[in-house]
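The values are calculated or read from the model by the stated rules, or taken from the named source; none is laboratory data. Note that the structure is predicted; figures quoted are calculated from it, not measured. For neighbour counting, all protein chains shown are included, and Cβ atoms are generated from backbone atoms with ideal geometry for every residue, glycine included.
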Amino acid sequence: MTTISSTTSQISPASERVYHQSNLLGDWKGTWTNTSQPVEFKVINIRGDKAQIEYTHDGHTERGLGDVNGATITFGNVTIGTRNGSVAAFEFSVAGAKKTATLNKQAATADQNKLVGTWNGFSTSNGKSASFTVKSVNGRDAVVSWSVDGVAHQGTGTVYKNTVMFGRAQVTSDDGKTGTVVLQVGNQSFPIPVTKYVPPSTSTAVNRLA
């Protein structure tokens, strides 16, 4: 998919459907089983078979790209995998020596709340229109209804920071007022600028306060 921002992931619909790779996104913390020393593993984004990583252990942080393989990510000598998106198995392995940890995903940021609302837009460059409503956000799940080129859909999207991914589309907003929808059709991606709808009563109240 087209890059939207440095934190926006590009997970293929096939990988999401089979492996639920978006479950890996986030900040994971725990302790090594044998030493009880803290360990932290951040999966900032996933782009195809690469993931941007921050790995903190023994008082220092390593940053770089990890290898995505199905439902796991390997970064140097460590590998992380999760089935439910809340608890992950973490393993360090080198020269036959191994140690393990159980990591828990940390609470999501407040950026999710900015996504709640109804968004509409049209792209003059590709002629596509989109309208969608993020009805609610609960952790990493968002209840969404949307219409693309007049065809309506509804379901549950996956939330990561300021992005909701659903089906073959994703929407991102940094300020909670304007954003971008990216639709994937075949091998092509179509960006559509969108704006959050503000009810007249709300805008009137804001004007009075101003």
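Key figures for this structure:
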quantity: Filtered residues of the range 91-108 (kept if under 15 Å from LYS29 (Cβ atoms), outside any strand (DSSP E or B) and not hydrophobic (A, V, I, L, M, F, W, C)); calculated: GLN106
quantity: Unmet requirement for ARG83, which otherwise passes all of (1) closer than 19 Å to LYS161 by Cβ; (2) touching a residue at least 60 places away in the same chain (Cβ under 8 Å); (3) in contact with a helix residue (DSSP H, G or I) (Cβ under 9 Å, 6 or more places away or on another chain); calculated: (1)
quantity: Criterion (exposed (fewer than 14 other Cβ atoms within 10 Å of the Cβ), within 18 Å of the chain's Cα centre (by Cα) and of a type outside the set (S, T, N, Q)) met by exactly one of ALA88, ALA169, ALA107; calculated: ALA107
quantity: Scope the range 149-160; condition crowded, with 22+ Cβ neighbours inside 10 Å and not β-branched (Val, Ile, Thr); matching residues; calculated: GLY157, TYR160
quantity: Any hit, the range 65-77, residues being buried (at least 18 other Cβ atoms within 10 Å of the Cβ), over 17 Å from the mean Cα position of the chain (by Cα), more than 28 Å from VAL181 (Cα to Cα) and touching a residue at least 40 places away in the same chain (Cβ under 8 Å); calculated: no
quantity: Out of ARG140, ARG83, ARG63, sole residue that is within 13 Å of LEU24 (Cα to Cα) and in the same structural domain as LEU25 (by TED's automatic domain parsing); calculated: ARG83
quantity: Verdict on ALA88 being part of a strand (DSSP E or B), at pLDDT below 90 and closer than 26 Å to HIS20 by Cβ; calculated: no
quantity: For ALA142: the one exception among (1) in contact with an Asp or Glu (Cβ under 9 Å, 6 or more places away or on another chain); (2) within 22 Å of ASN162 (Cβ to Cβ); (3) aliphatic (A, V, I, L, M); calculated: (1)
quantity: Looking only at the range 172-188, and only at residues there that are under 21 Å from ILE44 (Cα atoms) and in contact with a strand residue (DSSP E or B) (Cβ under 9 Å, 6 or more places away or on another chain), the one that is surrounded by the most Cβ atoms within 10 Å (Cβ to Cβ); calculated: VAL181
